[in-house]
Structures are given as structure tokens and as C-alpha cells.
Amino acid sequence: QQQVKQSPQSLIVQKGGISIINCAYENTAFDYFPWYQQFPGKGPALLIAIRPDVSEKKEGRFTISFNKSAKQFSLHIMDSQPGDSATYFCAATFDFGNEKLTFGTGTRLTIIP
Amino acid sequence: GAGVSQTPSNKVTEKGKYVELRCDPISGHTALYWYRQSLGQGPEFLIYFQGTGAADDSGLPNDRFFAVRPEGSVSTLKIQRTERGDSAVYLCASSRDLQRTGSTGELFFGEGSRLTVL
């Protein structure tokens with residue numbers, strides 16, 4: 001049972017543009033939603049995370065928007081750069097501090113000059 | 001290095017053979033996780049250790065898979081009678097003591113062990 005659905009599967013954005021990746025979850029018990037970034041041949045690395053008590057969290061060029069009623073959250077990358085080209089995974093877990101994560105299927109982002 | 005170390009980085013084996021994958025977590029991290037990542041998919045939880053004990057092994061697909069962490073640091077994932085469907089990248093991750101305040105909820109992943117079963 002896929003509990004976290006991610007879209008799109010792949011995304012091409014021009015340098016300087018905004019990249020948007022969306023995720024939807026089913027289980028309302030989830031209470032921690034991180035985004036991980038993965039480069040080829042590397043393990044995923046935490047990018048930014050949010051808890052459901054806030055609707056938005058911003059760190060530099062990266063913003064998470066969270067809609068609890070719709071059970072959706074999204075990652076926005078402003079002023080996208082070629083170095084942002086990677087695969088991005090959303091994830092969710094039941095209990096903050098418990099890193100037994102359920103991951104989405106990933107979005108391969110390519111930033112073109 | 002200061003990161004999570006996994007060996008081997010690549011392992012090719014034949015169907016039916018036994019394999020061991022090793023993980024050396026970040027020093028001082030008491031929580032250790034194993035995930036499996038198939039091609040084009042997100043990581044899938046296998047097992048979680050808090051200290052020496054397996055706190056949650058609900059993700060292990062069947063009894064051919066087993067993991068140990070005898071001294072609360074290095075962990076070994078063991079796969080018996082390998083099958084072609086076991087081919088994947090096996091990721092290990094560690095995190096800080098969940099019982100202490102200040103846990104960021106961050107998993108620190110290694111680069112993975114790519115297993116290919118022929």
C-alpha cells in the first residue's frame with residue numbers, strides 16, 4: 001500500500017525558474033514530513049522538513065507548503081540552479097523523532113541553463 | 001570519515017548464495033536503520049536498531065533477511081539464499097539518540113551497497 005504519492009516523476013526547469021514537487025499522503029497519523037535530496041551514487045540527505053502545526057516553512061531557496069485538510073504538501077525551489085539537479089523524495093512518519101520513514105517514489109529534477 | 005560507511009559498495013552474487021552487508025554508523029549515533037532502494041523507487045524501511053536490539057523489524061520481507069548489531073555500533077545485514085528480486089541498493093542510516101532532547105528527526109545515510117543477484 002503506497003501511503004505517500006509523489007508527482008511528477010520527472011521535471012525539467014530552466015535555470016532561475018521555480019521547481020514544484022507535490023506529495024499526498026493517506027494516513028492522518030503522520031506528523032513529520034521531510035524532503036530528502038539524492039545525487040547519483042549517493043545516499044539521500046535531508047533538505048528541509050515540516051510538522052503539521054505550520055502551513056509553510058522556508059529555508060533559503062527551499063520552501064515546504066503544507067495543507068493538512070487536503071493531506072498534501074509540496075516543495076518549492078526558487079531560483080533553481082543546475083546544482084539542484086537531483087532526485088527529490090518526500091517522506092512521512094508517525095512520530096517525530098522516529099525516523100521510520102515512508103518515502104514517495106521520487107522526482108528526478110533537471111535544471112537546464 | 002565522519003559519515004556513515006557501508007561496505008561493500010558493490011556486490012554481485014549468484015542466486016542462492018549468502019551475502020553480508022556491513023554498516024558503520026556515525027560515532028555516537030545510537031539509532032541505526034536499514035532501507036532498501038529498488039531502481040526508480042524511494043527507500044523502503046527494513047529494520048531499525050536502538051542500541052543493540054532490533055526495535056522494529058517489520059520491514060524485513062521474509063525470514064531470509066536478518067540483521068544484527070551486537071555491540072551497538074556496526075551492523076550487518078545478512079541475506080540467505082539470495083533471489084534475483086533481492087537486487088537493489090541497501091542503504092544504512094543513523095541518527096542521534098531519540099530519547100534525548102534536540103533530536104532533529106534527521107537520518108544520515110551512507111552511500112549504499114548495490115547488490116546484484118544473477
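Throughout, read-outs are computed from the coordinates displayed, never taken from laboratory work. These figures come from a predicted structure and were not determined experimentally. Here Cβ is always computed from backbone atoms with ideal geometry, including for glycine, and neighbour counts include all displayed protein chains.
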Charge dipole of the protein assembly as shown built from unit charges on the beta carbon (Lys, Arg +1; Asp, Glu -1), centred at mean Cα; most positive-end Cα among A:Val4, A:Asn27, A:Phe94 is A:Val4
Gyration tensor (Cα only) of chain A to equivalent ellipsoid, semi-axes in Å sorted down, yields 23, 15, 12
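Per-residue counts of other Cβ atoms within 10 Å, averaged by peptide: what ranking do you get for B:30-42, A:61-73, A:38-50, highest first?
On the way: B:30-42: 20.0, A:61-73: 15.3, A:38-50: 17.1.
Final packing ranking: B:30-42, A:38-50, A:61-73.
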Its Cα gyration tensor gives region A:48-113 an equivalent ellipsoid whose semi-axes in whole Å, largest first, are 23, 15, 10
Phi angles of region B:40-48, converted by Karplus (6.51 cos²θ - 1.76 cosθ + 1.60, θ = phi - 60°) into ³J(HN,Hα) in whole Hz with x for Gly and Pro, give x, 10, x, x, 10, 4, 10, 7, 9
DSSP beta bridges in the protein assembly as shown: the antiparallel percent, rounded to 5, is 90 percent
Debye calc, one equal point scatterer per Cα of region B:5-117, no solvent, log10 I(q)/I(0) at q = 0.11, 0.17 1/Å comes to -0.32, -0.76
Relative contact order as a percentage, region B:3-103, C-alpha pairs under 8 Å and 6+ apart, gives 35 percent
Straight-line reach check, B:Lys11, cutoff 18 Å on alpha carbons, 8 or more apart in-chain or any other chain, hits among aspartates and glutamates -> B:Glu20, B:Asp24, B:Glu83, B:Asp86, B:Glu111
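With the Cα gyration tensor of the protein assembly as shown in hand, give its eigenvalues times 5 under a square root as the equivalent ellipsoid semi-axes, listed largest first in whole angstrom. Don't jump to the answer; show the numbers that get you there.
Working: eigenvalues 175, 85, 53 Å².
So the three semi-axes of the protein assembly as shown are 30, 21, 16 Å.
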